[in-house]
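Working notes for the structure below.
Just so it is clear, none of the values below were taken in a lab; they were calculated from the coordinates. For clarity, every value in this text was computed on a predicted model and none was experimentally measured. We place every Cβ from the backbone using ideal geometry, glycine too, and count neighbours over all the protein chains shown.
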Amino acid sequence: MDINFEYYKIFYIVAKYGNITKAAAALGSNQPNVTRIMKLLESQLNCKLFIRGARGVSLTEEGERLYSHVAIAYRNILDGQEEICGKDSLKSGTIEIGATETALHLFLLHVLHGFKKEYPAIRIKIHNRPTLETIRHLMSGELDFAVVTSPFEAPKSVSCLKVLDFEEILVGGMAYEQLCRKPVELKELKAYPLVGLGRGTVTYELYKNFFVEHKLDMELDIEVATSDLMLPLLKNNFGLGFVPEQMAEPLIRDGKLVKIPLNDDAPPKRSVQVIADKGRGKSLATGIFYKYLETT
C-alpha cells in the first residue's frame with residue numbers, strides 16, 4: 001500500500017494534541033489542510049481513525065492500534081535524527097519523561113536541577129500522569145522513561161531502577177491538633193473526613209487494601225486526581241490524609257499541619273522507581289540521562 005509517510009506524521013500530531021486546530025498550528029499548516037489529509041489517510045486505510053467531537057477529536061479502536069505503532073516509529077526517527085545531527089555534540093537532544101506527581105516532587109525535580117546544570121543543551125519534556133497511565137504511555141513508545149511510585153506491576157519487558165524509599169504519614173490541619181497528642185486507631189478515623197487519591201490510582205488501591213487488612217472499609221470524603229492537590233485541602237482542614245513525610249514536613253514545621261500517630265501498623269513503605277522499556281533503543285540523550293541517574 002503506497003501511502004505518503006507524511007500522512008502518518010500528521011496523524012501522530014493530531015492524535016497527540018486531540019485537536020485539529022492545535023495540531024495544524026504545531027505543524028505550521030492550517031485546519032482545512034490537516035482535515036483533508038486525515039480524510040485521505042482514512043480513505044486509503046479504509047477505516048475511521050478519529051471521532052470528531054465538540055472539543056476536539058479522539059481515536060477510534062483502529063486509530064488507537066495505528067497510533068501505538070506510529071508513536072514508536074516517530075520517536076525512533078526523532079532519536080536517529082538527534083544522533084546524526086548531534087554527532088559533533090553528544091550532549092544534546094530531547095528526553096520524554098513520564099512522572100507521577102509524588103515522584104516528581106520527591107525525586108525528579110531535585111535530579112533535574114543537577115542534570116540541567118551539567119547538560120544544559122539537552123531538552124526535557126515531562127508528562128504528568130498517574131502511575132498506571134504513565135506505564136501505558138511508556139509501553140506505547142511515547143516516553144523514554146517513567147518515574148513512578150510503587151506499588152505497580154512492571155511488565156517483563158521493562159527494567160526498574162529503585163531510586164528512593166519513602167514513608168507516608170497521617171496528617172491534618174490545625175483543627176485536628178487534638179489528635180496528635182496520643183496514638184489513634186484506624187477504626188477511629190471513621191469519625192473524621194478522609195482526603196485521598198481517587199479510584200483508579202495505585203495509592204487508592206494501596207490504602208484500600210491497608211484498611212481491609214485491619215478489617216475496615218476505607219471511604220474517602222474527598223477524592224483528588226493528584227497528590228499535589230491533597231496538601232492544600234489538608235492544611236485548610238477539609239479532613240485527614242496520608243501523604244509522603246518529606247512533603248508534609250515543611251507544613252508541619254510551619255504549624256499548618258499536624259502529624260497524627262497511629263496505634264496500628266504504619267502504612268506500607270513505598271518507593272520511587274525509574275522504569276524503561278528494555279526493548280526500545282535509546283537516543284544518546286536518553287542514555288546520558290540514564291547513566292546520570294545510576295550515579296546520582
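Numerical summary
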quantity	calculated
Average Cα contact separation per residue, the range 168-268, under 8 Å, 6 or more apart, as relative contact order %	52 percent
The range 102-207, dipole about Cα centre (Lys/Arg Cβ +1, Asp/Glu Cβ -1), debye to the nearest 20	200 debye
Charge dipole (the range 92-224, unit charges on Cβ, about Cα centre) - positive-most of 202, 218, 192	202
Farthest positive-ward along the range 85-244 dipole, Cα basis, beta-carbon charges - from 160, 102, 242	160
Considering only the chain, percent of DSSP beta bridges that pair antiparallel, nearest 5	60 percent
Loop-resident sites, the range 126-191, for trypsin sites (Lys or Arg not before Pro), counting at most 15 other Cβ within 10 Å (DSSP)	156, 181
Whichever aspartates and glutamates have a C-alpha closer than 19 Å to that of residue 48, once near sequence neighbours (fewer than 8 apart) are set aside	2, 6, 61, 62, 64
Relative contact order of the chain, defined on C-alpha pairs under 8 angstrom at six or more residues apart (%)	22 percent
Extension gain, residue 233 back to residue 48 (0.36 nm per residue minus Cα-Cα distance, nm)	62.2 nm
Hydrodynamic radius by Kirkwood, which averages 1/r over all alpha carbon pairs of the chain, in angstrom	21.8 Å
Set of lysines with alpha-carbon distance to residue 256 below 18 Å, sequence-local pairs under 8 removed	235
Cα coordinate range in the range 5-72, projected on the principal axes (Å, largest first)	27, 25, 23
The range 1-71 and the range 178-210: distance between their alpha carbon centers, rounded to Å	44 Å
Assigned charges on the beta-carbon of Lys, Arg, Asp, Glu; the range 168-268 dipole about Cα centre (debye)	260 debye
Dipole magnitude of the chain, debye to nearest 20 (Cβ charges: Lys/Arg +1, Asp/Glu -1, about Cα centre)	680 debye
